[in-house]
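The values are calculated or read from the model by the stated rules, or taken from the named source; none is laboratory data. Every value quoted in this text rests on a predicted model; they were computed, and no experiment measured them. So basically every Cβ, Gly included, is an ideal-geometry build from the backbone, and we count neighbours across all protein chains shown. We work out accessible area using only protein heavy atoms, side chains counted, and drop any ligands, DNA or RNA first. Shrake-Rupley method; radii C 1.70, N 1.55, O 1.52, S 1.80 Å.
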Amino acid sequence: DEIDNDNNSSLMPREGNVWVEEPRIGVFLCSCSGFMADELDFAGLCQEVSTRPRVVCAEIIDHACTAEGLVDLRRFIGEHELNRIVIGACSVREMERLLDKFAREIGFNPNAFTVVNLKEQCLLPHQAEDRMVKAKAAVLVQAAVTKVYRDLPAVNQTVAVEQRALVVGGGVAGMTTALSLAARGYGVALVEKTDKLGGRLLEAHYTIKGSAPRTFAESLAAEVDENELIEVLSEAQVVGHQGEVGNYTTVVKQGETDHLLHHGVLVVATGAREASTDEYLRGQDERVLTQTELEARLASNPESLQSIHSVVMIQCVGSREPGKREYCSRVCCTHALKNARRLKKENPDIQVTVLYRDLRAYGLYEDYYRAARQEGVLFSPYDLEAKPDVAVSGGKLQVSYNDQVLRRQLTLEPDILVLSTGIEPGDNRQLAATLDLPLDEYGFFAEANSKAALVDFVGEGRYHCGLASAPLHIEETLARSRAAASRAATILARENIQASKYAVLVSTRLCSGCGLCVDACPFGAREINPENNIAEVHYDLCHGCGSCAAVCPNGATQQIGFDKGQMMAMADQLIK
Ligand code: SF4
Ligand code: SF4
Ligand code: SF4
């Protein structure tokens, strides 16, 4: 018989039954454009491993992580009728994600793949030790063959999907995501920590293209308020969260009330803020503004600028600097261009000088840079090693810098100094800890893959967008928010979802009902059934962490892919 491992997905081919088939193992070593093949002697390794029982082919392939690599893999699987695969490549996290999907698409059991990280766990750390690196690669591949030989199919359990989304953050990213999901017919709970929807866009008065972002944010907020599928919880915050893709339970605190929300997907859109600084007399002299403050003044009181003759802007304040924010905030160069041009428009006689390190007006924003130059805005570069110096002398602001064209020190006396301080994440640590989601080194929520999965976290069901992910322009925020909604909809569109492939199995014959697994499970996924005194698994809650399998004294709980026989056989192989 064949196992229908995804009864919700009629487009997926049915998987062969690995339980009853003779193991036919294929070993594939990814050369990574030749980078790994020579260093690790893949040719010798293929020869060595192909002598192992049940290994029917051992091949070097290129770029296992690309569509072309997977086409090769599929061909080998068909030609040799393989039912277990070892892949020697790079990051297991990345490869597993890709291979799970690939396996289901071709009717291959996703648990019958084992990935060995030959790059990060072998080649890179031991590059200087030629003998060691080859020996370690060989032993890791041999151990993986031992493991895959004993692999059993993934747990054949499905859980019903809660067809509702939780979006955290009521700025433009969160609202766009919520509206996009509601337009597909899904209910959304939208959690906002302040008393108002709109986020940072409420502080933005005009874009570089001349549109009105604040009005846009207000119109989105009105749409959200009117949408019956969206429930807004304002002045609220997430305080608890558990569950698995398709079935999460989140506790949202609103005043004294705790709301228990059940949802199938989560989108984090918590935004970010303009960075603060105490450089260049910021906080000591009221003539030193940020770009956001200048924008507010230009929008609300442009007449006050008529008496101003000279403005200096300093770019990259606290950005792209070791020990500070080492990343580029991407939006502050265009923010400066936008404000510089608006100053010139209000008063063409104002002298505007922009001191920059690199002017990152990328793509079509370059046109605005050209326009600013034509309108008389002056641009002068400076180096990180020779940053401008700001002082007050005789009551006047003085900005001194080394002019790289004139090759001499110049001093300007602007009426106001405007700092491009960049974007910094809010304090996401508490939320990230509650949701058990990763932050990157700067404090933004970390994407699963910076090239291929920008709005995903590792694992399905949870996504992020907007400034919670990185500094972005409004258009980019909107695009990523819609992308996050589309990714979330791929889960919500299903009625059932496959349980974690690492979920545990329980032998009713061996379970004594001791309850140790119930105490060990950090996710509340184990429970003793009082009728038969057997510890059952709630597959909607099981993360496949393996804690219960580790404590079970009777070997009644086994984790597929990590059962004791498999682990001991691998250990034998590794210490031979
Ligand atoms: S966008 Fe411009 S000002 Fe902002 S950090 Fe990047 S280079 Fe510096
Ligand atoms: S720890 Fe093992 S024996 Fe004890 S209740 Fe859980 S599954 Fe049964
Ligand atoms: S302890 Fe067991 S039941 Fe609980 S999440 Fe981990 S593997 Fe699943």
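Structure notes:
- The helices (runs of 4 or more DSSP H) falling completely within region 35-88 that include 3 or more residues that are out of contact with any helix residue (DSSP H, G or I) (no Cβ under 9 Å at 6 or more places or on another chain) map to 67-80.
- Within region 505-523, residues that are within 8 Å of ligand 2 (Cβ to nearest atom) reach partners that are small (Gly, Ala, Ser) and part of a helix (DSSP H, G or I) with beta carbons closer than 7 Å, at six or more positions or on different chains, in the pairs Ala520/Ser547.
- Residue list for region 463-480, restricted to those being part of a helix (DSSP H, G or I), within 26 Å of Arg429 (Cα to Cα) and over 13 Å from the mean Cα position of the chain (by Cα): Ile474, Glu476, Thr477, Leu478, Ala479
- Out of Arg462, Arg429, sole residue that is farther than 20 Å from Phe379 by Cβ, in contact with a Leu (Cβ under 9 Å, 6 or more places away or on another chain), in contact (Cβ under 8 Å) with a residue 12 or more places away in the chain and surrounded by fewer than 15 Cβ atoms within 10 Å (Cβ to Cβ): Arg429
- Only one of the listed residues (Glu105, Glu120, Glu59) is open to solvent by 10 Å² or more (accessible area, probe 1.4 Å) and within 30 Å of Gly185 (Cβ to Cβ). That residue is Glu105.
- All positions within region 198-231 that are within 21 Å of Leu266 (Cα to Cα) and either open to solvent by less than 20 Å² (accessible area, probe 1.4 Å) or touching a Cys at 6+ places or on another chain (Cβ under 7 Å) (or both): Gly198, Leu220, Ala221, Val224, Ile230
- Test for Ala386: is it within 25 Å of Tyr280 (Cα to Cα), away from ligand 3 (no atom under 16 Å from the Cβ) and exposed (fewer than 14 other Cβ atoms within 10 Å of the Cβ): yes
- Matching residues, region 394-426, being small (Gly, Ala, Ser) and open to solvent by 60 Å² or more (accessible area, probe 1.4 Å): Gly394
- Selection count, region 158-203, where residues are in a strand (DSSP E or B) and among the β-branched types (Val, Ile, Thr): 6
- Of everything in region 524-568 that is part of a loop (DSSP other than H, G, I, E, B) and small (Gly, Ala, Ser), the residue that is nearest to ligand 2 (Cβ to nearest atom) is Ala556.
- Odd one out for Glu256, checked against (1) under 34 Å from the mean Cα position of the chain (by Cα); (2) touching a residue at least 40 places away in the same chain (Cβ under 8 Å); (3) under 28 Å from Glu192 (Cβ atoms): (2)
- Residue match in region 226-233 (condition: among the charged types (D, E, K, R) and farther than 23 Å from Gln163 by Cβ): no
- Selection from region 455-507 of residues that are within 16 Å of ligand 3 (Cβ to nearest atom), among the hydroxyl-bearing types (Ser, Thr, Tyr) and either under 21 Å from Met95 (Cα atoms) or in contact with a Cys (Cβ under 7 Å, 6 or more places away or on another chain) (or both): Ser500, Tyr502
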